[in-house]
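What follows is one structure encoded as structure tokens, with my remarks underneath.
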Amino acid sequence: MSNTINITKCDNQLVLFAVNGSESYEICNIQSGNFHAVDLDINVEASENGTFSGTYQPEGGTSKDLSGAITVKIPAGNYSLVYAGLNWGGPYNFEFTLNDGEPYSLLNKEDKPLEGVVWAQGNLNITLDVKATATV
């Protein structure tokens, strides 16, 4: 079983973490901007040997559209999905869903320029249940 994170807006940098009481895994570090489209599916699955497969970090998002699907593997467990959106200047736009649920977003407001870490989870708890696959 996997959990799918669908990222549809990222201007300029979106970092997602799976966090439990003792460990943190950087699921992705997406950099995009200059009005390039983003449509990325990140499937988060349990690793068979309990290790982390590594951070998904596509290249070139500031010079081209980003799309596709990737799988990131982490140890099985219950996690909170924690995120940070960074704006390097100018407009900002962030949006993703988890398992086709409600969208989490911060969309640009021209009358409210923001720079730096402009978007973070705060007290919102987004649960990520990563289950090991049964072997027969």
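We did not get these values from a lab; they are worked out from the coordinates using the rules stated. Worth saying up front: this structure is predicted, and the values here are computed from it rather than measured. Cβ placement follows ideal geometry from the backbone for every residue including glycine, while neighbour counts extend to all protein chains displayed.
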I want the local charge near residue 132. Using Cβ-Cβ distances under 15 Å, sum +1 for each Lys or Arg and -1 for each Asp or Glu among the other residues. -1
Total lysine pairs whose alpha carbons fall under 25 Å of each other in the chain (8 or more apart, or interchain): 6
Cα gyration tensor category, rounded, prolate or oblate, for the chain with a/c compared to 1.5: prolate
Relative to the Cα centre, what is the charge dipole magnitude of the stretch 2-130, using +1 at the beta carbon of each Lys and Arg, -1 at the beta carbon of each Asp and Glu, and rounding to the nearest 20 debye? 180
At what distance in nm do the modelled label points of residue 121 and residue 105 sit from each other, each positioned 7 Å from its Cα along Cα→Cβ? 2.2
From the phi of every residue in the stretch 71-88, what ³J(HN,Hα) in whole Hz does the Karplus formula 6.51 cos²θ - 1.76 cosθ + 1.60 yield, where θ is phi - 60° and glycine or proline is x? 10, 10, 10, 9, x, 4, x, 9, 10, 9, 8, 10, 9, 9, x, 10, 10, 8
Looking at 89, 47, 7, which one has the Cα that reaches farthest to the positive end of the dipole of the chain (charges on Cβ: Lys, Arg +1; Asp, Glu -1)? 47
Efficiency of FRET between residue 53 and residue 112 - r from beta-carbon atoms, R0 25 angstrom, step 0.05: 0.10
